[in-house]
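Engineer: The structure is given below, and queries will be raised subsequently.
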2 protein chains.
Amino acid sequence: MGTRQSAIIHRTIESLAGHPTAEDIYLQAKGELPHIAMGTVYRNLNAMVEAGEIRKLHTPEGPDRFDSITTRHDHLVCDGCGRIDDVMVDGVEALVEAAAGEGYRGYELEVHHLCEKCRAGGVPDRR
Amino acid sequence: MGTRQSAIIHRTIESLAGHPTAEDIYLQAKGELPHIAMGTVYRNLNAMVEAGEIRKLHTPEGPDRFDSITTRHDHLVCDGCGRIDDVMVDGVEALVEAAAGEGYRGYELEVHHLCEKCRAGGVPDRR
DNA sequence: TTAACTGCAAATCTTTTGCACAATC
DNA sequence: GATTGTGCAAAAGATTTGCAGTTAA
């Protein structure tokens, strides 16, 4: 079932907490398979997104991030350090569905805040 | 008050309906000022975003888009053709605020659907 | 005149792709 | 043996940036 690289990439994205970038995954995988190529990582990641196994997140600045949790959840983005946490905002779906009408397919909700660390450290927010 | 280019860029983004890309704005502005440079467009656009005069939208594929409407509103994205419309989903803010806690700064809600045209035309959705 | 802004082109960064070779079925 | 996937390197796409020259205050 699949190649060595594919297995490693699957395993890696599961093991990496948070929302790793393709490069995070690449570097991690390189530890196990030093000749693995960036292109291979992207190809596999994209295939997994296509298959609905993982999600791709687009960030304001910097590279895309990948999310191995595919159950319904939202994201809490720190405008200071860029850190992304998972969060659940209940009750949104009904509102959205009503507004979208026919053809509705889903939604993405991004909550912005300044995390505790950034508030404490006086980190200037980036937007 | 500002340069000729800045004025044109301001005017252009106001006049362009929808959610134009930097290139859309560049091409339009070129009509008035044939030597205007892409870098100038980006620099001005970024300054306007910084100043809170416009918003920047990140799209899954393709370049960023700019939105001259800064009042609270959400986006309805067609997964078929990529078209972005404005939409209002009321009642979300209270839910989000409660979930975010201290440090809350705002949210972005993207509703995905297949627009009428794409449903009729049998356009395969892109995600 | 000084400071801010522009045009141009090159650089950067992220992601994709062509192709010859290797691994899998 | 045929197909599918990989490594490598080059290409592509979007955005930023250095710098010399221009424009605005």
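Engineer: Within region B:13-109, which trypsin sites (Lys or Arg not before Pro) sit in a loop by DSSP and count at most 16 neighbouring Cβ atoms inside 10 Å?
Structural biologist: B:R72, B:R83
Engineer: Moving on. Looking at the square roots a ≥ b ≥ c of the eigenvalues of the Cα gyration tensor of chain A, which shape do they give, rounded for a/c under 1.5, prolate if a/b is larger than b/c, or oblate?
Structural biologist: oblate
Engineer: Right, something else. According to a simple spin-label model (label point 7 Å from Cα along Cα-to-Cβ), what is the distance in nm between A:M38 and B:I69?
Structural biologist: 3.9
Engineer: Next question, about the same structure. Using +1 at the C-beta of Lys and Arg and -1 at the C-beta of Asp and Glu, which of B:L76, B:N44, B:G121 has the Cα lying farthest in the positive direction of the dipole of region B:12-127?
Structural biologist: The residue sitting most towards the positive pole is B:G121.
Engineer: Could you let me know the centre-to-centre spacing of region A:1-53 and region B:1-77, using Cα atoms, in angstrom?
Structural biologist: Using only Cα atoms, the two centres lie 36 Å from each other.
Engineer: Same structure again: Would you kindly work out, in nm and rounded to one decimal, the distances from the label point of A:H73 to those of the same position in each other copy, ordered shortest first, with label points 7 Å along Cα-to-Cβ?
Structural biologist: In nanometres, ordered from closest: 3.3.
Engineer: Something else: So how strong a dipole does chain A carry about its Cα centre when Lys and Arg Cβ are +1 and Asp and Glu Cβ are -1, to the nearest 20 debye?
Structural biologist: I would put it at about 520 debye.
Engineer: Which cysteines in chain A lack any other cysteine whose Cβ sits under 4.7 Å from their own Cβ?
Structural biologist: A:C81, A:C118
Engineer: Could you pull out the GluC sites (Glu not before Pro) across region A:1-97 that fall in loop regions by DSSP (anything but H, G, I, E, B) with no more than 12 other Cβ atoms inside 10 Å?
Structural biologist: Passing sites in region A:1-97 are A:E61.
Engineer: Could you check what % of the DSSP bridge pairs in the protein assembly as shown are antiparallel, to the nearest 5?
Structural biologist: Counting only bridges with both partners in the protein assembly as shown, antiparallel ones make up about 75 percent.
Engineer: Between copies, how far does the label point of A:V49 sit from its twins, in nm, shortest first, when each point is 7 Å from Cα along Cα→Cβ?
Structural biologist: 1.9
Engineer: Rg to Rh ratio, region A:4-67, alpha-carbon atoms and Kirkwood radius?
Structural biologist: Reported Rg/Rh, Kirkwood definition of Rh: 0.93.
Engineer: Follow-up question, since we're still on this one. For the protein assembly as shown, compute Rg over Rh where Rg is the Cα radius of gyration and Rh is the Kirkwood radius from the inverse mean 1/r over Cα pairs.
Structural biologist: Here the Rg-to-Rh quotient is 0.99.
Engineer: For label points placed 7 Å from Cα toward Cβ, what is the shortest-first list of nm distances from A:G62 to its copies?
Structural biologist: Spacings between copies for this position, smallest first, are 2.7 nm.
Engineer: If you take the beta carbon distance between B:S6 and B:T59 as r and set R0 to 30 Å, what does 1/(1 + (r/R0)^6) give as a FRET efficiency, to the nearest 0.05?
Structural biologist: After rounding to 0.05, the efficiency reads 0.75.
Since every read-out is calculated from the coordinates, none of them should be taken as a lab result. Just so we're clear, the structure is a prediction, and the values are computed from it rather than from any experiment. No Cβ is skipped: glycine too gets one built from the backbone with ideal geometry, and neighbour counts run over all protein chains shown.
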